[in-house]
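As structure tokens, the structure follows; a few thoughts come after it.
The values are calculated or read from the model by the stated rules, or taken from the named source; none is laboratory data. A quick note: this is a predicted structure, and the numbers were derived from the prediction, not measured. Cβ atoms come from the backbone with ideal geometry, glycine included; neighbour counts cover every protein chain shown.
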Protein chains: 2
Amino acid sequence: MNIQEQISQMGERARRAARVLSREDTSVKNRALLAMADALERNTDSLMVENSRDLEAGRKQGLAEAMLERLTLTPERIAQMAEGVRQIVALPDPVGTITGLAYQPSGIQLGKMRVPIGVIGMIYESRPNVTIDAAALCLKSGNAVILRGGSEAQNSNRALADCVREGLKQVGLPEDVVQMVATTDREAVSAMLTLPQYIDVIIPRGGKGLIERVISEARMPVIKHLDGVCHVYIDDKADLDKARRIAINAKTQRYGVCNAMETLLVHQAVADKILPTLAADFAEKGVELRGCEQTCALLGKSVIPATEDDWYAEYLGPVLAIRILADMDAAIDHIERYGSHHTDTIVTEDLGRARRFLREVDSASVMVNASTRFADGFEYGLGAEIGISTDKIHARGPVGLEGLTTEKFVVFGDGHIRQ
Amino acid sequence: MNIQEQISQMGERARRAARVLSREDTSVKNRALLAMADALERNTDSLMVENSRDLEAGRKQGLAEAMLERLTLTPERIAQMAEGVRQIVALPDPVGTITGLAYQPSGIQLGKMRVPIGVIGMIYESRPNVTIDAAALCLKSGNAVILRGGSEAQNSNRALADCVREGLKQVGLPEDVVQMVATTDREAVSAMLTLPQYIDVIIPRGGKGLIERVISEARMPVIKHLDGVCHVYIDDKADLDKARRIAINAKTQRYGVCNAMETLLVHQAVADKILPTLAADFAEKGVELRGCEQTCALLGKSVIPATEDDWYAEYLGPVLAIRILADMDAAIDHIERYGSHHTDTIVTEDLGRARRFLREVDSASVMVNASTRFADGFEYGLGAEIGISTDKIHARGPVGLEGLTTEKFVVFGDGHIRQ
């Protein structure tokens with residue numbers, strides 16, 4: 001059996017499992033999640049063994065230290081995964097909720113019911129905890145999932161998926177609700193992307209190369225984010241203490257994350273009041289600054305001249321681009337032109353400016369006087385996230401249980417016919 | 001300038017116009033709509049002249065009578081279009097609505113704001129009224145739109161788009177909010193489908209060939225429906241009078257529409273009580289019946305044996321497939337296997353069956369004791385529809401103003417940073 005056929009059969013099994021799962025009560029799904037969490041903790045030793053095989057192979061292949069670090073499981077990390085699963089148990093089940101049920105002029109009663117999407121295809125790299133997050137979120141939202149992790153984590157992922165399937169089996173749910181693609185052949189990814197009859201939505205998580213490949217090959221909708229080029233705009237009506245606090249936090253609280261600030265925009269009227277202080281703060285933290293002409297003139301040799309490429313750059317590290325602009329309109333223009341529609345913040349005390357910024361900036365998250373780092377499933381109260389979307393439709397921003405569901409119209413009549 | 005460049009420039013203009021439109025108040029958009037409606041009525045004579053050019057060309061090309069009929073404008077039809085636009089004025093503006101604004105544990109205040117999608121690409125055939133419906137719905141929902149109508153209606157569509165742009169101009173909105181592709185070259189469609197940087201969503205309306213081409217070429221999300229293979233399932237717990245009324249209405253109230261019933265499913269326990277009556281009803285209306293073996297055995301020569309293809313068929317005419325099944329589970333299996341996830345109805349007085357059917361049938365509209373013909377934007381109170389979606393995500397079923405918008409997260413802080 002070739003890979004296309006293998007994946008196709010997994011798809012068929014997922015479709016069948018999804019139908020069974022879609023009608024299960026919340027309590028059954030919750031019991032499966034608790035059994036999964038227990039299985040993770042019970043199998044800590046064997047998970048560590050499998051993980052050490054991946055780590056050994058990774059070292060032989062010369063994986064970077066940072067990659068190995070992300071790949072590593074410890075008893076603490078396994079306990080955290082189990083705890084994460086238990087938190088998902090506590091979240092309300094969105095499936096089956098009917099909203100807006102109302103009589104129409106014809107006498108029919110019309111509402112919308114929230115339902116699972118069906119079968120999710122998850123393609124990801126590196127961090128093995130994605131296996132557990134994805135399985136738990138898909139299960140709770142009533143979806144079957146086909147997981148395709150990176151080859152560097154194959155043994156860890158397989159062992160984690162076994163714990164998940166153990167949990168499903170214990171409560172009598174079909175194990176095919178969660179399936180792991182066995183082969184590490186890249187062809188398996190192409191096979192997944194060309195089976196819209198079995199996989200309703202693809203969620204890729206990983207490097208830009210992976211995401212771009214998925215976008216170009218997928219024959220079904222993709223929920224994804226490509227870049228996180230996030231901005232903080234400091235308005236001339238800003239409280240400069242808040243501005244300083246937010247800029248530092250947005251850039252330096254963590255570097256390698258998609259919701260970190262990459263470009264700081266400053267109104268020209270306050271540039272000389274705030275930038276020298278901020279430059280000193282950033283220097284202390286070891287952040288390299290790249291500025292527009294005006295910024296360079298103001299800050300001197302502590303800043304490198306920025307090129308056009310810097311405005312597009314997602315550094316994911318201790319580098320920051322800075323631009324001084326004439327006014328808020330110029331800042332919004334900059335964000336629309338160079339941004340990635342992920343998360344953008346204005347710092348201002350002016351209500352009119354805040355209102356306009358919120359309405360006019362077309363990003364998944366738009367903020368007033370808050371750090372871009374808040375754009376996160378946990379901070380947003382979603383409980384957990386399967387990813388962050390910068391797409392325009394369906395789910396934007398952190399994607400939790402609701403983003404893994406959709407709505408259908410439901411109609412109640414009593415023999416009603418159309419006139 | 002080649003076609004790719006032309007469409008690309010239209011895209012750039014649309015993007016700019018969309019940004020201007022997105023910040024306009026509802027009253028400005030409503031005044032533009034009223035001006036559009038007036039322009040349509042004022043220009044009735046010249047619209048008729050342009051339409052007669054299309055009709056003449058169509059006759060020369062040997063277009064079918066039904067096509068010519070759909071293409072024809074009359075003063076009454078123009079008045080209806082204007083009236084449709086005025087009805088859209090009366091609909092509430094979804095743009096800017098913030099829902100769920102609530103404090104999070106960190107102290108930030110989080111909500112979701114409904115916003116326009118941006119730029120819609122509309123590719124359609126035949127009926128010129130789609131030009132007006134699409135323009136009016138996109139305008140009200142704050143989106144720019146690039147229209148590409150069929151070559152058979154090019155003069156009518158251009159004249160209609162001129163009325164729209166006249167309305168925009170009168171209130172000072174950018175005319176590029178609504179643009180019509182001038183060339184009838186098929187290459188223009190390909191150009192539209194490969195410009196995701198300018199066109200956020202494509203909505204195709206027309207024959208299956210058009211829709212399939214759009215799906216395979218589009219590099220952006222598509223809102224579409226391919227088929228309307230709608231079912232009515234008559235349960236053994238059905239009130240047979242209601243069942244008869246609903247089956248007749250769903251099949252015969254109009255034939256060429258996507259929400260008409262194409263297959264009737266009947267529980268074996270009531271087949272001999274309802275089918276002979278229904279067969280006589282359908283015979284009287286001139287509907288050809290194609291049945292499964294049991295149906296043929298029951299109804300004799302008044303029914304033609306159905307083949308496997310009949311269960312997949314969207315007849316869009318006076319033909320109906322009939323299948324007798326063991327129980328509701330078999331009916332749901334049939335719908336999931338052969339249906340198009342458009343609209344499906346159960347006729348039953350049994351609450352448990354109704355509950356299960358509603359939950360388990362995975363279609364855009366699922367109904368109890370009501371005709372499939374209700375699946376329609378007007379009947380659903382959306383005021384108007386730009387199309388019907390059988391996609392799984394974003395918008396399912398009739399797509400009105402809400403389906404032309406999306407949501408973004410908005411966050412209010414007061415200098416909040418992430419710990």
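Of all residues in region B:118-158, which are within 14 Å of residue B:18 (Cβ to Cβ) and surrounded by fewer than 24 Cβ atoms within 10 Å (Cβ to Cβ)?
Within region B:118-158, just B:118 meets the criteria.
Please state which one of B:269, B:279, B:247, B:260 is under 16 Å from the mean Cα position of the chain (by Cα), at pLDDT 90 or above and in the same structural domain as residue B:331 (by TED's automatic domain parsing). Spell out how you get there, then give the answer.
Values: B:269 fails: under 16 Å from the mean Cα position of the chain (by Cα); B:279 fails: under 16 Å from the mean Cα position of the chain (by Cα); B:247 fails: under 16 Å from the mean Cα position of the chain (by Cα).
B:260 is the lone residue from the list that is under 16 Å from the mean Cα position of the chain (by Cα), at pLDDT 90 or above and in the same structural domain as residue B:331 (by TED's automatic domain parsing).
Name the pairs whose Cβ atoms lie under 6 Å apart, with the first residue in region B:280-299 and surrounded by 16 or more Cβ atoms within 10 Å (Cβ to Cβ), the second part of a loop (DSSP other than H, G, I, E, B), and 6 or more positions between them or separate chains?
Going by the 6 Å Cβ cut-off, the qualifying pairs are B:287/B:318; B:289/B:303; B:290/B:306; B:291/B:303; B:291/B:306; B:292/B:306; B:295/B:303; B:296/B:303.
Check A:377, A:387 and return the single one that is surrounded by fewer than 23 Cβ atoms within 10 Å (Cβ to Cβ) and within 24 Å of residue A:253 (Cα to Cα).
Values: A:387 fails: surrounded by fewer than 23 Cβ atoms within 10 Å (Cβ to Cβ).
Testing whether each residue is surrounded by fewer than 23 Cβ atoms within 10 Å (Cβ to Cβ) and within 24 Å of residue A:253 (Cα to Cα) leaves just A:377.
Residues in region A:89-108 that are surrounded by 17 or more Cβ atoms within 10 Å (Cβ to Cβ) and farther than 29 Å from residue A:9 by Cβ: how many?
Residues flagged as surrounded by 17 or more Cβ atoms within 10 Å (Cβ to Cβ) and farther than 29 Å from residue A:9 by Cβ within region A:89-108 amount to 7.
Filtering region A:2-58 down to residues that are under 22 Å from residue A:145 (Cβ atoms) and not in a helix (DSSP H, G or I), which residue is farthest from the other protein chains (Cβ to nearest Cβ)?
A:43
Looking at A:378, A:374 in this structure, which one is within 27 Å of residue B:105 (Cα to Cα), within 11 Å of chain B (Cβ to nearest Cβ), free of Cβ contacts under 8 Å to residues at least 40 places away in the same chain and within 23 Å of the chain's Cα centre (by Cα)?
From the options A:378, A:374, the qualifying one is A:378.
Please state which of the following conditions residue A:377 fails to meet, knowing it meets all the rest: (1) within 30 Å of residue A:134 (Cα to Cα); (2) in contact with a helix residue (DSSP H, G or I) (Cβ under 9 Å, 6 or more places away or on another chain); (3) small (Gly, Ala, Ser).
Unmet for residue A:377, out of (1) within 30 Å of residue A:134 (Cα to Cα); (2) in contact with a helix residue (DSSP H, G or I) (Cβ under 9 Å, 6 or more places away or on another chain); (3) small (Gly, Ala, Ser): (2).
Filtering region A:381-412 down to residues that are within 13 Å of the chain's Cα centre (by Cα) and of a type in the set (A, V, I, L, M), which residue is nearest to the other protein chains (Cβ to nearest Cβ)?
Looking at residues that are within 13 Å of the chain's Cα centre (by Cα) and of a type in the set (A, V, I, L, M), I get A:395.
Determine if region A:224-236 includes at least one residue that is within 12 Å of chain B (Cβ to nearest Cβ), within 21 Å of residue A:386 (Cα to Cα), at pLDDT below 95 and not in a loop (DSSP other than H, G, I, E, B).
There is no residue in region A:224-236 that is within 12 Å of chain B (Cβ to nearest Cβ), within 21 Å of residue A:386 (Cα to Cα), at pLDDT below 95 and not in a loop (DSSP other than H, G, I, E, B).
Conditions tested, residue by residue: (1) in contact with a Ser or Thr (Cβ under 7 Å, 6 or more places away or on another chain); (2) part of a helix (DSSP H, G or I).
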position: B:336; (1), (2): no, yes
position: B:344; (1), (2): yes, no
position: B:349; (1), (2): no, no
position: B:358; (1), (2): no, yes
position: B:363; (1), (2): yes, no
position: B:392; (1), (2): yes, no
position: B:407; (1), (2): no, no
position: B:412; (1), (2): no, no
position: B:418; (1), (2): yes, no
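Could you say which residue among B:366, B:347 is facing another protein chain (nearest Cβ under 7 Å) and closer than 19 Å to residue B:247 by Cα? Full working, then the answer.
Numbers: B:347 fails: facing another protein chain (nearest Cβ under 7 Å).
Just a single option satisfies the conditions, and that option is B:366.
Could you check region B:52-74 and list, in sequence order, the residues that are over 25 Å from the mean Cα position of the chain (by Cα) and either exposed (fewer than 15 other Cβ atoms within 10 Å of the Cβ) or of a type in the set (A, V, I, L, M) (or both)?
Within region B:52-74, B:52, B:53, B:55, B:56, B:57, B:59, B:60, B:61, B:62 qualify.
What are the pairs, 6+ residues apart or on separate chains, where a residue within region B:392-403 that is closer than 14 Å to residue B:363 by Cα has its Cβ under 8 Å from a residue that is in a helix (DSSP H, G or I) and not small (Gly, Ala, Ser)?
If the second residue must be in a helix (DSSP H, G or I) and not small (Gly, Ala, Ser), the pairs left are B:395/B:402.
Applying the selection to region B:246-257, what residues are within 14 Å of chain A (Cβ to nearest Cβ) and either surrounded by fewer than 24 Cβ atoms within 10 Å (Cβ to Cβ) or among the polar types (S, T, N, Q) (or both)? Explain how you work it out, then say what you get.
Step one: of region B:246-257, the residues within 14 Å of chain A (Cβ to nearest Cβ) are B:246-255, B:257.
Scanning region B:246-257 gives B:248, B:249, B:252, B:253, B:254, B:255, B:257.
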